[in-house]
Amino acid sequence: MSEHKIDLSALPWFFRQVKPKEDFKNSNLLLSDGWMKAKVPGNIYLDLMANRLISDPRWNLGQDLSWVDKSDWLYGCSFTVNSLKKGNDCELSFEGLDTVTDIWLNGCLVGSAKNMFINHSFRVDNLLLEGDNTLVIHFKSALKWTEEARKENGRLPADHYPDRIYLRKMQCSFGWDFGLSLPGCGIWQPCCLQIRSKNHPRVRRVVVNTQEIIGNKAVIAIDVFLENHQQIKKIIYAVIDQNGTLCRKWSYQEGVPENICHHLMTLDKIKLWWPHDLGRSHLYHLRIELIDQDGKSHLRIYNFGVRTVRLARGKSEGFRFLVNNKFVFIKGANFVPADIFLTDRKDKNLKLLEMAKKAGFNLIRVWGGGVYEEDDFYQTCDKLGLMVWQDFMFACGHYPNQPDFVTEIEREAEQVVRRLANHPSIVVWCGNNECEMVHLMTLKERIGLKEYFYHFLPNLLRQTSPNIPYVPTTPLSGIFPFTGDSAKGDIHLWGQWSFGWRFESYLKKKFGFVSEFGWQALPSWKVFEKSPKFDSIFYNDKHLWQYEKQKNGKLIFCWYFWRYFGKTPKWLGDWIILSQILQAKALTTAINAWLKNSPQASGFILWQLNDICPSISWSIIDYELQPKIAYRQLRELLKPGHQNFESLLK
């Protein structure tokens, strides 16, 4: 029994625009003219930049690149299979396709995809050739596709680019009030070809749950999902702590009776996983070794942490997190994708998470208008002791409830929860960001996908992630973005920026849990210096305000500058420094008040930690990873035992 894997991402790839009346059944399509070198994983914009057909749209904001997003594109590669045996299981696997695609192998249609958030796998046993093979992927225009979907099904209420809600694609790639509109397309995650002998045994997934903690012991439930269990002669399990000490070991010696193995075990002298501000974030390793009927070994290792989490809700409890039965005051920050071009953000993710911990934050919220992050993001949070509030990817819109759309998002949720549920850092799942608020404000029925958010997701999570709390939406507190009853849950406070309220009004009402609030500031000099129009920005605020994506953003800045300084700045340096001072004062005023009011106040998640592109935004760390003044002030304010709040505010 054997398994062979070809890493298609490592091969030379090529791309070009789709031609009129393209013949996709032509197995020699890669021999036609017009192909240019591409990079996988990647993005159409990055490939156009690498071939010097466009300049970087993150910095050069004046280009008309609408033709890119209105075009269809082809990506292709060739690969060789040295030997094929009859009965082999052959599978093409794509971890991420962005987004509407047809996949062609040797001139035959393998399948289609229209969801960038999930893995797409296709059996190609009868299409794969021994020798040379040609793979071509047809990416269809996301703009045209969503426009057609809207024409067919009708316009639904949604912020920013409304047609986006019909497609399972990063919602803020269509433009948001902190970022650019660059939908693009591409193979944004690795891809491979797997060839396995028939009945090859393997571990499909593992679910680990902390059932109970009693003193220094913990009861752990382990569910192992196998494939082809009949071919397994023996399974050996071992639990090892992060210091390499063997904690438990057991095995099945006489074969495996079924494809699902359930284990309940007790761990002694446990080392708990804690948020970093409450203790050490200990991790364990679960080692699973399969011995097949030929005596070959197949090894998989999974990490898990021992911890319990509870979200207390209600009039008497408010909205409070308890980890290992201990109240945790949430000091959080909202996280948006660290780059509009997703393959350019992985190194940034690690740095941003480290900066968040150094600033004293103990929770990161993965916001619902971005993407589900890669495994290494959550592994880093596990190691750093950063809790994660995980949104499902729905934001600020009335999503459709057509059967095919619902089927797609159900499959998405199943994949995502199975991939992420074992991470001890994840302390809450959230159905969507501000969708219910949008429905209520537009006087539509309660929610377009009520069945999905209020029944399907809770039922799925009870089965696959039973020990992590779930909330159907955020905010839970009421209709409007600047009011609400904190007894009902979390609040989004936007009166203090978007509606012109003074930041001192943060002090007028005692809030329970604030999951969004923020204040804008300009980024550092380093961001503007990279712009090809830096001289124009310096002297002409017309170019400066191209970096502001919030409607009336400049007007709001001017309003607050007049209220607090009596004038608006005349040159760029003053805009940067004074806006950052004002942001720092606003955020520290609010957070200081909530810290003092703990435990009646149970936490905050500021908007936002980082930027998706060079922009004027609410971030406290700009696109070039330069901390703004607010970051430095919060790092002092959130230090354990910090008491001198008033001197800091001065």
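The values are calculated or read from the model by the stated rules, or taken from the named source; none is laboratory data. Everything numeric in this text was worked out from a predicted model, so none of it was measured. FYI the Cβ positions are ideal-geometry reconstructions off the backbone, even for glycines, and counts take in every protein chain you see. Ligands, DNA and RNA are stripped out before the accessible areas are found, and what is left, the full protein with its side chains, is counted by its heavy atoms. Shrake-Rupley method; radii C 1.70, N 1.55, O 1.52, S 1.80 Å.
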Considering only residues of the stretch 463-477 that are open to solvent by 30 Å² or more (accessible area, probe 1.4 Å) and touching a strand residue (DSSP E or B) at 6+ places or on another chain (Cβ under 9 Å), which is modelled with the highest pLDDT?
TYR470
Candidates TRP607, TRP562, TRP618, filtered to the one that is open to solvent by 10 Å² or more (accessible area, probe 1.4 Å) and touching a residue at least 40 places away in the same chain (Cβ under 8 Å)
TRP607
Return the residues of the stretch 619-634 that are charged (D, E, K, R) and either touching a His at 6+ places or on another chain (Cβ under 7 Å) or within 14 Å of LYS357 (Cα to Cα) (or both); say none if nothing qualifies.
ARG632
Read through the list (1) modelled with pLDDT under 90; (2) open to solvent by 40 Å² or more (accessible area, probe 1.4 Å), then give the number of the only condition that HIS285 fails.
(1)
Residue, nearest to HIS263 (Cα to Cα), within the stretch 287-301, restricted to residues that are in a strand (DSSP E or B) and acidic (Asp, Glu)
GLU289
Filter the strands (runs of 3 or more DSSP E) completely within the stretch 177-261 down to those with at least 1 residues that are at pLDDT 90 or above and surrounded by 18 or more Cβ atoms within 10 Å (Cβ to Cβ).
179-181, 191-196, 202-214, 217-227, 232-241
Got a sec? Which strands (runs of 3 or more DSSP E) wholly within the stretch 1-80 have at least 3 residues that are open to solvent by 40 Å² or more (accessible area, probe 1.4 Å)?
3-7
With respect to the numbered conditions (1) modelled with pLDDT of 95 or more; (2) out of contact with any Pro (no Cβ under 6 Å at 6 or more places or on another chain); (3) open to solvent by 10 Å² or more (accessible area, probe 1.4 Å), which one is the sole condition not fulfilled by ASN126?
(1)
Among the residues that make up the stretch 394-417, is at least one of them touching a Ser or Thr at 6+ places or on another chain (Cβ under 9 Å) and among the acidic types (Asp, Glu)?
yes
Do the conditions hold for ILE447, that is, is it open to solvent by 50 Å² or more (accessible area, probe 1.4 Å), β-branched (Val, Ile, Thr), assigned to a loop (DSSP other than H, G, I, E, B) and modelled with pLDDT under 90?
no
Test: LEU84 is part of a loop (DSSP other than H, G, I, E, B), more than 30 Å from GLY111 (Cα to Cα), open to solvent by 30 Å² or more (accessible area, probe 1.4 Å) and among the hydrophobic types (A, V, I, L, M, F, W, C)
no
Specify which of the listed residues (ILE581, ILE591, ILE605) is at pLDDT 95 or above and farther than 18 Å from TRP501 by Cα.
ILE605
One residue is enough: does the stretch 67-82 have a residue meeting the conditions in contact with a helix residue (DSSP H, G or I) (Cβ under 7 Å, 6 or more places away or on another chain) and of a type in the set (S, T, N, Q)?
yes
